[in-house]
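What follows is a short report on a single structure.
Where a number appears in this text, it was derived from the coordinates with a stated rule and is not lab data. Since the model is a prediction, treat every value here as computed from it, not as a measurement. In this analysis, Cβ positions are derived from the backbone assuming ideal geometry, glycine residues included, and neighbour counts consider all displayed protein chains.
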Amino acid sequence: MEKIHYTLDNLDELFYESGLNSEQTARAKTIFLKRLSYDAHKFYNGKMQTVPKAAVFGFNWFNVWYTPGVSMVSTTIRDNNLESYALSNRGNLVAVVSDSTRVLGDGNCTPPGGLGVMEGKAFLMKYLGGVDANALCIDGRNEKGEHDPDKIIDFVKMLQPGFGAVNLEDISQPNCYKVLDTLREECDIPVWHDDAQGTASVTLAGLFNALKLVDKPISEVKIVLYGAGASNTTIARIIHQAGGDPEKMIIFDSSGSLNTDRDDIKADQRYYRKWELCLSTNPKKIRTMEEAMLGADVLIALSKSDPNTIKPQWIKSMAQKPVVFACANPVPEIYPYKAKEAGAYIVATGRGDFPNQVNNSLGFPGILKGALLVRSRKISDEMAIVAAKSLADFAEKRGIHPDNIIPTMEETGVFPCEAADVAMQAMKEDLARESLTRDEAYTLAENGIRESRDLVHMMLKENFIKTPPQEMLQSAFDWAVEQVK
């Protein structure tokens, strides 16, 4: 059998050679990626490190970078705090903050259990967006042992003088709503909740282009959203702001559809974002998925990581050329081939090993870079919508089709383009402290991204980043095949 490429591009062929069918291959890939991830993290002891960016020409330079020389830096920033952006790395530094209560599809993993994901966000920010980031997993429990949103709010407020932006991540609902909405208003740097705004922005980008291909205006399509966590509730709000009709939206949580009869949501003020959607969507109070899916144009699922969650018969009852986004991670609510068999015209998932990856990694590196370039005070919903349009336009210019509606992470040019568009929107909304032309923003972002990638490739070439043994990849592959056979 052919060896596994280090690029992992030949997995499907190798699984088929091992005698697996389509469903087994889909399952085996998930198992393989989990096992290889574990082994690779153990090999590298994580995936981030701190590397100086200033030169050392001799040991006397420590007197420049530290005491006594650094005193002038300290007093200058003391007299004008904004100088911290020019005299430190603050202007390109993001805090990735999580209490690890909603880690991808794994739920509450305890505070250190989120480190793999938070380091992953930092890794993607650096490689894709040229942005430095620190993973900060915190214990957000109060004296009673309850997960307390005020603990996270206080923590972020205390750390903001040292960072240019904050990326909130994997905070369970309803705490995530209060944390984001409070910090967006009360902090003087951008506070971004990637599970909510990031997912919404990239999903909207995919939706823009999917609707172009099926020739349906966003204002007229019937949309069913399956799952009502931070992601889908924000997606619904952003789609509305982008021109969608909330009265043509039906949203389901684990207890049924959202509508004005949901007294359970109304009674719990912590779920105010969900109650807003109860008031604005599903005026006919449709209660079942079977009824909701009749004639639906779009299904957006962000719910349970189980390929049997979305029923093929639901898709069969949708309108002509239905669009299905099944974006649970690590396993979608229905495998793409099954959705296509049921009649879906366009299928997107959150995974890069299937066509049409609708994944936050296309959004947050460029969006945060754009906000940082102009030292924005916040990232507004309008900035997230502009990022979605930027992603969609980039893909449309190079050509889109049902299996390619959105850029991929391999398309390096998408990130500086997105960063520049976001920076321009921040300036338009008077949120920016710095003024740049679009060309200046694009060039700064492009250069930063190129330097980050070149650094990683140089370190790999010079063996400062070591290559894991081929046996590690093969062992994970063999184990995955054994698990599904």
>> I need the trypsin sites (Lys or Arg not before Pro) found in the stretch 63-158, filtered to DSSP loop residues with at most 14 other beta carbons within 10 Å of theirs.
In response: Lys144
> Hey, can you rank 306-316, 109-119, 203-213 by average C-beta count inside 10 Å, highest first?
Replying inline: 203-213, 109-119, 306-316
>> I'd like the GluC sites (Glu not before Pro) in the stretch 404-442 restricted to DSSP loop residues with at most 11 other Cβ atoms within 10 Å, sorted by number.
In response: Glu410
>> If you take every DSSP beta bridge fully contained in the chain, what fraction is antiparallel? Give it as a percent rounded to 5.
In response: 10 percent
> Counting only residues 5 or more places away or on other chains, whose amide H sits under 5 Å from the amide H of Asp132 once H atoms are built in the peptide plane?
Replying inline: Val94
> Between the stretch 190-265 and the stretch 443-473, what is the C-alpha centre distance in whole Å?
Replying inline: 37 Å
> Projected onto the charge dipole of the stretch 69-189 (+1 at Lys/Arg Cβ, -1 at Asp/Glu Cβ, origin at the Cα centre), which of Gly113, Gly164, Val103 gives the Cα projection farthest towards the positive end?
Replying inline: Gly164
>> Just to be sure I understand the model, the point goes 7 Å from the Cα along the line to the Cβ. What's the resulting Ser305 to Asn21 distance in nm?
In response: 2.6 nm
> Treating the beta-carbon of each Lys and Arg as +1 and of each Asp and Glu as -1, no other charges, what is the dipole magnitude of the stretch 1-154 about its Cα centre, to the nearest 20 debye?
Replying inline: 300 debye
> Among the listed pairs Lys3/Lys311; Lys178/Lys304; Lys316/Lys397; Lys29/Lys121; Lys340/Lys389, which are separated by more than 28 Å between their Cα atoms?
Replying inline: Lys3/Lys311; Lys316/Lys397
> For the charge dipole of the chain, defined by +1 on Lys and Arg C-beta atoms and -1 on Asp and Glu C-beta atoms about the Cα centroid, which residue among Ile346, Asn63, Ala242 has the Cα displaced farthest towards the positive pole?
Replying inline: Ile346
>> What does the C-alpha gyration tensor say about the overall shape of the stretch 323-468? Classify as rounded when a/c is under 1.5, otherwise prolate if a/b is larger than b/c, or oblate.
In response: oblate
> Does the stretch 69-189 classify as rounded, prolate or oblate by the C-alpha gyration tensor (a ≥ b ≥ c root eigenvalues; a/c under 1.5 gives rounded; else a/b over b/c gives prolate, otherwise oblate)?
Replying inline: prolate
> If you compute percent of Cα pairs over 31 Å apart for the structure shown, which of [x] 56; [y] 41; [z] 46 do you land on?
Replying inline: [z]
> Which helices, taking whole DSSP H runs in the chain, have alpha carbons extending 30 angstrom or more along the helix axis plus mean Kyte-Doolittle at least -1.0?
Replying inline: 22-44, 438-461
>> Net charge within 10 Å of Val96 by Cβ-Cβ distance, Lys/Arg positive one each and Asp/Glu negative one each, not counting Val96 itself?
In response: -3
> Which value, in debye to the nearest 20, describes the size of the charge dipole of the chain about its Cα centre when Lys and Arg Cβ atoms bear +1, Asp and Glu Cβ atoms bear -1, and nothing else is charged?
Replying inline: 160 debye
>> Distance cut-off 19 Å, Cα to Cα: go down the list Lys222/Lys338; Lys212/Lys369; Lys212/Lys338; Lys248/Lys274 and report the pairs above it.
In response: Lys222/Lys338; Lys212/Lys369; Lys212/Lys338
>> Are there any GluC sites (Glu not before Pro) in the stretch 1-72 that are in a DSSP loop and have at most 13 other Cβ atoms within 10 Å? List them by number.
In response: Glu2
> Using a basic spin-label model with each label point 7 Å from the Cα along Cα→Cβ, how many nm lie between Ser74 and Thr408?
Replying inline: 5.1 nm
> Once phi is turned into θ = phi - 60°, what whole-Hz ³J(HN,Hα) does the Karplus curve with 6.51, -1.76 and 1.60 give for every residue of the stretch 94-106, x standing for Gly and Pro?
Replying inline: 10, 8, 9, 10, 8, 9, 6, 8, 8, 7, 6, x, 9
